[in-house]
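Each remark here refers to the structure printed beneath this line.
The values are calculated or read from the model by the stated rules, or taken from the named source; none is laboratory data. From a predicted model like this one, the values you see are computed outputs, not experimental measurements. A quick note on method: Cβ atoms are made from the backbone with ideal geometry, for glycine too, and the neighbour counts reach across all protein chains shown. Side chains are part of the model used for accessible areas, which takes the heavy atoms of the whole protein and leaves out ligands, DNA and RNA. Shrake-Rupley method; radii C 1.70, N 1.55, O 1.52, S 1.80 Å.
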Amino acid sequence: ESVKGIARQLIELYALRKYRKGYAFSPPDTYFREFEATFEHEETPDQVKAIDDVLGDMETERPMDRLVCGDVGFGKTEVAIRAAFKAVMDGKQVAVLVPTTVLAEQHFETFSKRMANYPIRIAVLSRFKSRAEQKEVLARVRAGQVDVLIGTHRLLQADVSFKELGLLVVDEEQRF
């Protein structure tokens, strides 16, 4: 009965999503191509396909729901970084939800390094931040002064709100 109930809920959810309109992001432009050219590694064919598929989803009005799978070193983080860059360049905020504080810090460093030459404001929210620091970050997020917020389950709490959230990346690493 429980499985049937969950299946029914999923069918209803996806039926609603099929008819709801989401935000259609603009296609990659010269600025985006310049950003992707700064990637220090050569993309694999699978990585290029994942990036193209995600960007293609983002360009439609249909709410995106895409799963990107791959082993360690596949380049999933770069896929997320490019989607985040595209969202921010279109005026939207991005939330990156991760399962551990260590991964939140690692992603913060990686995103910050990749986006260092661009006007993108990145913040991290985790238990490594004091209550005062968390409160300050959340105020900036609400005001639209943070473009990419990376954090643990702390992002799911009631006091977290975005001015213009456009993309949620869930890096589940098999722990959620």
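Taking the chain as a Gaussian network, Cα atoms linked when under 10 Å apart, which of D71, D52, D90 shows the biggest mean-square fluctuation?
In this elastic network of the chain, the residue with the biggest mean-square fluctuation among D71, D52, D90 is D71.
When the Karplus curve 6.51 cos²θ - 1.76 cosθ + 1.60 is applied with θ = phi - 60°, which whole-Hz ³J(HN,Hα) does each residue of region 46-51 get, with x for Gly and Pro?
5, 5, 4, 5, 4, 4
Using Cα pairs under 8 angstrom and six or more residues apart, how large is the relative contact order of region 1-154, in percent?
Worked out over region 1-154, it gives 23 percent.
Nearest 500 deg cm²/dmol is fine: what mean residue ellipticity at 222 nm does the chain get from its DSSP H runs of n ≥ 4 alone, each adding -39,500 (n - 2.57), divided by its residue count?
Calculated mean residue ellipticity at 222 nm is -14500 deg cm²/dmol.
Taking amide H positions as placed in the peptide plane 1.01 Å from N, state which residues far from V169 in sequence (5 or more) or on other chains have amide H under 5 Å from it.
A95, V96, L97
What value does region 115-158 have for Rg/Rh, both radii from Cα atoms and Rh as Kirkwood defines it?
0.97
For region 5-154, which whole percent of the accessible surface, found with a 1.4 angstrom probe, sits on carbon and sulfur atoms?
Carbon and sulfur together cover 53 percent of it.
Subtract the Cα-Cα distance of E61 and K135 from 0.36 nm times their separation in residues, and report this length gain in nm to one decimal.
23.3 nm
Express the accessible area of the chain per residue in Å², computed with a 1.4 Å probe while the remaining protein chains stay in the model.
Solvent-accessible surface per residue comes out at 62 Å².
Whole-Hz ³J(HN,Hα) for each residue in region 12-29, computed from phi via Karplus 6.51 cos²θ - 1.76 cosθ + 1.60 with θ = phi - 60°, x for glycine and proline: what do you get?
Couplings: 5, 4, 6, 5, 5, 4, 5, 9, 7, 9, x, 8, 8, 6, 6, x, x, 10 Hz.
Which of P63, P27, V79 sits farthest toward the positive end of the charge dipole of region 24-93, with +1 on the Cβ of Lys and Arg and -1 on the Cβ of Asp and Glu?
P63
Please give every one of the lysines within straight-line cross-link reach of K129, meaning a C-alpha to C-alpha distance under 19 Å, and leave out same-chain neighbours fewer than 8 residues apart.
Cα-Cα hits under 19 Å: none found.
Quick query: amide H of L125 versus all other amide H atoms, modeled in the peptide plane; which residues come in under 5 Å with a sequence gap of 5 or more or a different chain?
Result for L125 returns I150, G151, T152.
Explain nothing, just compute: Karplus ³J(HN,Hα) = 6.51 cos²θ - 1.76 cosθ + 1.60, θ = phi - 60°, for every residue of region 112-126 in order, whole Hz, x for Gly and Pro.
Using θ = phi - 60°, the values come out as 4, 5, 5, 9, 4, 8, 10, x, 10, 9, 10, 9, 10, 10, 7 Hz.
DSSP loop GluC sites (Glu not before Pro) in region 1-102 with at most 10 other Cβ atoms within 10 Å of their Cβ, which ones?
Counting only loop positions with at most 10 other Cβ atoms within 10 Å, the GluC sites (Glu not before Pro) in region 1-102 are E1, E40, E42, E61.
Given the convex hull of the Cα atoms of region 96-170, what is a quarter of its surface area in nm²?
That works out to 4.6 nm².
Pull up all non-local amide H partners of F39: gap of 5 or more, or a different chain, and H-to-H distance under 5 Å with H placed in the peptide plane.
Here nothing satisfies the definition.
Please compute the Kirkwood hydrodynamic radius of region 1-140 from all pairs of different C-alpha atoms, in Å with one decimal.
Working: mean 1/r = 0.0579 Å⁻¹.
Hydrodynamic radius (Kirkwood, Cα only) of region 1-140 equals 17.3 Å.
Please report, in debye to the nearest 20, how large the charge dipole of region 25-176 is about its Cα centre when each Lys and Arg carries +1 at its beta carbon and each Asp and Glu carries -1 there.
860
Hey, in the GNM for the chain with a 10 angstrom Cα cutoff, which one of F111, F74, F162 fluctuates hardest?
Of F111, F74, F162, the most mobile in the Gaussian network model is F74.
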